[in-house]
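Coordinate-derived values only; no laboratory data. Nothing here was measured: the structure is a model prediction, and the numbers come from that model. Glycine gets a Cβ as well: all are built from the backbone with ideal geometry, and neighbour counts include every protein chain shown.
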Amino acid sequence: MLKPKKKITKKEIKEDKLVTTYFEATTWYQNNKKIVNGVITGIIVVAIAAFAYANNIRSDNLNATTELGKVLRYYDEGKYDMAIYGNLQENIRGLQAIVDDYGSTKAGELARFYLANAYYQQRDYDNAMKYYLDVSVNDELITTSAIAGAGACYEAKGDYANAAATFEKAAMKYGKVVTIPENLFRAAQNYAAAGSKEKAVELYKKLKKEHPTSTYAREVDRWIAEASS
C-alpha cells in the first residue's frame, strides 16, 4: 500500500532554496576563487597605497616647509643665486631642488612662486615665466601675483600684447584683491604700447571709476588723454 505523500511546508521550501543557493555559491567560489581573491587583494593593496600616499604627502610637505624656511633668508637678502641653488656648505637646499622634489605639496607650490620671483630678479624671464604659469595655490593674492609676474615677463621681453592680456587676466581673476588697480594700470599701459589704444582707454576708465582712490588713478586722466591722441 502506497503511503500518502508528505506535504512539504513553506519552511522546508525556503530551507531547500537556501541549501541550493549555498551550494551554487560555494561551487561558483571554488571555480572563481583565484579571481575573487585577486580582487580582494587588489582592494587591500589600493587601500594600503592610498594610506601610504596620504602619509607621504604630509611628510613631504613638512620636509618642504622646513627646507623653504631655511633658504628664504637668501631670498630676503637679495641673494637670488643662492636662493635658487642653495648653499652646500651650510647644507641648505635651493628653491629649485625644493620644487623638483616637493613641487606637488603646498609648501612646494609656495617655493615655486619664490623660485619664479628669483629668476625674474636675475632677468631670466623664460624660467621665471615657466614657474609663474605653473603656480597653483589656494591663495588669491599669490595666484594673481603669479599671473602678473608672467605679465611682467612678457613686458620685459617686449611682447606687449601678451603682457597686456596677462595683466588684465590678473586684474579680473578675483574681485577684491589689493593688486587690482596696479594690474589694470599695467594692462592699459601695455595695450597702449601694443597699439590697442581703445582697449587701453577702456581699462584706464575702469580704473578711474572702480578704484578712484588708488595711487594708479591719480594721473589717469593724463594717460587717457595720451592714449586717445
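Below, the figures for the structure above:
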item	result
Amide H contacts under 5 Å for Ile92, placed H, 5+ residues apart	Asn87
Greater than 32 Å apart at Cα, pairs in Lys106/Lys157; Lys106/Lys176; Lys106/Lys209; Lys106/Lys206; Lys79/Lys209	Lys106/Lys209; Lys106/Lys206; Lys79/Lys209
Proportion of all alpha-carbon pairs of segment 56-104 beyond 14 Å (%)	45 percent
Ser136 versus Glu90: modelled label distance in nm, points set 7 Å from Cα along the beta carbon direction	3.3 nm
Val178 versus Asp126: modelled label distance in nm, points set 7 Å from Cα along the beta carbon direction	3.6 nm
P(r) tail fraction, segment 139-229 - alpha-carbon pairs more than 22 Å apart, %	20 percent
At R0 = 41 Å, FRET efficiency that the Cβ-Cβ distance of Leu72 and Asp221 yields, to 0.05	0.50
Estimated vicinal HN-Hα couplings, Hz - segment 196-203 in sequence order (Karplus 6.51, -1.76, 1.60; Gly, Pro = x)	8, 5, 5, 5, 4, 4, 4, 6
Dipole axis of segment 139-229 (+1 Lys, Arg; -1 Asp, Glu on Cβ), positive-most option in Val220, Val178, Thr144	Val220
Alpha-carbon centroids, segment 188-220 and segment 150-175: separation in whole Å	14 Å
